[in-house]
Each structure stands twice: as C-alpha cells, then as structure tokens.
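Worksheet for the structure shown next.
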Amino acid sequence: MSIRERLSGNEAAATAMKQINPDVVAAFPITPSTEIPQYFSTFVDNGVVDTEFVAVESEHSAMSACIGAEAAGARAMTATSANGLSLMWEMIYIASSLRLPIVLSLVNRAVSGPLNIHCDHSDAMGVRDAGWIMLFSENNQEAYDNLLMAHRIAENENVQLPLMVCQDGFITSHSIENIELEEDEEVKKFVGTYKPKHYLLNDKEPIAVGPLDLQGFLFEHKAQQAEAMKNAKDVILKVSEDFEKWTGRHYGLFEEYKLNDAEIAIVCMNSTAGTTKFVVDNLRKQGIKAGLLKLRVFRPFPSTEIAKALSHLKAVAVLDRADSLNAIGGALYSDITSSMYTENLHVPMVNYVYGIGGRDTKSTDIESVFTDLQEIVKTNKVENPYRYLGLRKEEK
C-alpha cells in the first residue's frame, strides 16, 4: 500500500536510493544535486542501509568509483549536476562502452560559463549521445518512480547500459510536493537483486575490463551498444507495465495530454510539461484544440511512436531548454523533425529555445507559443522556425 508523504525532488530521489539499497554510492557535492548524497549519507550513518558510501574528491572520481564497483559485480548509484557531469565526461563514455548498468540521478542545471546554478538542460544535452538511457521527470513523483524502474531497465540482459534519471534543478529538486511512496520491502522485491553474468571478482571466470580495443573490434562493440539502446525501448515499456500493475501509476515512452483530438500542440520535457498542461486546460475551455506531448524517454529516442502521435496535427512547437548553438535550433527539435522526415510525414514545426539559466517560463509564455501556432495554421507559413521564448528585448 502506498504511503502519502511530502518531499522535495531531491528527498524523493534519496528515498528511492534508500529503498533500493545499492551496494555502492560514490558522490561529490554540486548544487543543486548536493542534497541527494547528503540525505543518503544520513541513511548510511543511521544504519538504515548497508551501502558502501564513498565520498570522493571530484565527480570524475565518483563515476570512476561507480565503474569500478559495477565492474566488480556491485550495484552502484550516484548523483550530480551540470559541471559535475561535465567533469565526469570521460567516464560517462567509459561506463556505457563497458556496458555497466550504473544509475545516476541528474538534477539538471546550466553548464558554465558564465557560472549559473539554475535549471536548463545543457548538462543532459551534452551527453545525449554518450550511450546512456535517459529518462526525464515532470515532477517529484516521476523522479521517484523513474528511479525505482531504473535498475530493472538498465540491468536487463538485453540492455546492460547505464541510465540517468533527470529532473529540473530547484524547480522540482527543491520544491516540496505530495508524493506516493511504496513500502521498502515491496520496492526491493520489484527492483530485485543484481546478478551480473560477468564481473571482475568472479574467480571462476578471470576477465579484464576496459582493455585496448583497436580497429579489429571497436566498430562491432559500438554496434552492439547501439543495438542494446534499441532493445531498451521494449524493456522500458515492459518494466513500466509491471510498475503500473504494482502501483497503479502509468508510464509510457511519452505522455499524450489531450493530444488525440488536438490541432496544435507543444512537445517538451520535465517540469515545463506541468505549466503546459495548465495552459492546455485553459485553452480547451475557450474552444481551442490544444495538446501536449510530454517526452519521458529521450534515449532511446522513440522516433516512430512520436511521429505517429504528431502526424494528425496542423502545427507543432518543440521546446528546448538548451540551445545547441548550431544555428538550427535545439537537440529535441532536431530529433523530432528528423523522426517526421524519416516517417515521410510533414507537419509545420517551430522550435523555441527557452528557460536558459533558470529563466522563468510562465503560463503567459506558453500561451504565446499556442498563439503563434494558431497563426501558423491560419497562414500555412512558418516564417522563422528557430526562435527564443522569454528572451528580453534589447532596450533602444
């Protein structure tokens, strides 16, 4: 039976980690994710978990320790944000290429410089092609639930890839919300125990981990990683189905909010989806057929499914909380438009880069996007597909 509680997003993540009780947690503090290992360390100190907590000297070392632990046959977790993830960058790639199902709680924050400790998705977008499964969370409940599902997904024998659960820094990480927690023993039963087939401390199978991998094999190993990422999509759906049977809470690759009969829609990730739902509800009362596609699974990218879900619309706006600095919009927009093109579908689309460095995105901002979409439908023209939302105008 679920337990009603009030927790911040960071507390929810730490609570999930406590219930999972991993073998090793290695971490280094960085705002706004600091509270996750801080809360977890108190669980260790109080004897609530028997996890080996490793307080390291940098985020690079944190991921290195997780890699060593996971390679040795232990279940490992960590948490970080922004520049911390950047410092892990080398080891992020090594973790995925060694097929180690580490789980990381990523509290999204702008990557410096200049220094900014507030939310955007530049950290996640910086490692989007590093071979990690990436789940995004609208609110504290989803951050908690995604972490409960994470190990079942990452450790599946057809996947064996690391996984990061993303939530918006301060917006959800430090905001207290009502949340449904599951019983500790029920969580442990759902997550299961980690039983790797191959690991360093298995004296019956001496192996090397991370050897030199030159022209003869690296290509094939990268192709295997890509195949594992494809496999992850079905595994995510199966684990989500089992999770729903257990808790009653439904998750898919994405959420279609009033999308079935919509004419115009926004695509976005994380906490902005909540604001967008509020605006959609208000527009519906005015007779405007607005909708939302909230992406939960960013890697593997569910291209075919998204293209099908958007195919009936008259105009779509894709919101990116990070700019790719490539003169052609953000990463989510590129993936969405590529998916539509591959499926031979054409829907007028426009991209908005928004919320950089924690810039507040208000309901009026979202309303302006839907107003722009109505104009696109009316004129059947997209004058400029690459736009900014909430950018201050230069004073004259």
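All of the numbers you see were taken from the coordinates with simple rules; none came from a lab. In this text the structure is predicted, and so the values were computed from the model without any measurement. Counting neighbours? That spans all protein chains shown, and the Cβs are built from the backbone with ideal geometry, glycine included.
A few comments on the model shown:
- Counting only alpha carbon atoms, the long axis of helix 9-20 and the longest principal axis of the chain meet at about 40°.
- Debye equation applied to the C-alpha atoms of the range 280-396, log10 I(q)/I(0) at 0.16, 0.22 Å⁻¹: -0.81, -1.50
- Each Cα pair of the range 23-149 feeds into the Kirkwood radius, which the Stokes-Einstein equation turns, at 4 °C and 1.567 mPa s, into a diffusion coefficient of 88 µm²/s.
- Projected onto their three principal axes, the Cα atoms of the range 200-350 cover extents of 68, 44, 27 Å, largest first.
- The range 138-212: C-alpha gyration tensor shape, a/c 1.5 cut-off, then a/b vs b/c: prolate
- Spatial separation of Cα centroids for the range 115-183 and the range 12-90, in angstrom: 14 Å
- Calculated mean residue ellipticity at 222 nm for the chain: -12500 deg cm²/dmol, from DSSP H runs with n ≥ 4 weighted as -39500 (n - 2.57), summed, divided by the residue count and rounded to 500.
- Within the chain, percent of DSSP bridges classed antiparallel, to nearest 5: 25 percent
- Expected-Rg normalisation [2.2 N^0.38 Å, Cα atoms] applied to the range 89-153: 1.20
- Sorting 280-292, 130-142 by average packing, meaning the other beta carbons within 10 Å per residue, from highest down gives 130-142, 280-292.
- Considering only the range 254-389, percent of DSSP beta bridges that pair antiparallel, nearest 5: 15 percent
- Here the ratio of the Cα radius of gyration of the range 26-95 to 2.2 N^0.38 Å is 1.06.
- Contact order normalised by residue count of the chain, Cα under 8 Å, 6+ apart, percent: 16 percent
- Over the range 198-273, relative contact order from alpha-carbon pairs under 8 Å, at least 6 apart, %: 13 percent
- Over all pairs of different C-alpha atoms in the range 3-247, the reciprocal of the mean inverse distance, the Kirkwood hydrodynamic radius, equals 18.0 Å.
- Label-to-label distance, residue 250 versus residue 325, with points set 7 angstrom from Cα along the beta-carbon direction: 4.2 nm.
- Note on the range 272-318: Cα Rg divided by 2.2 N^0.38 Å, N the number of residues, gives 1.27.
- Highest mean first, the peptides 316-323, 224-231 sorted by other C-beta atoms within 10 Å per residue fall in the order 316-323, 224-231.
- Measuring between their Cα centroids, the range 221-284 and the range 348-396 lie 23 Å from each other.
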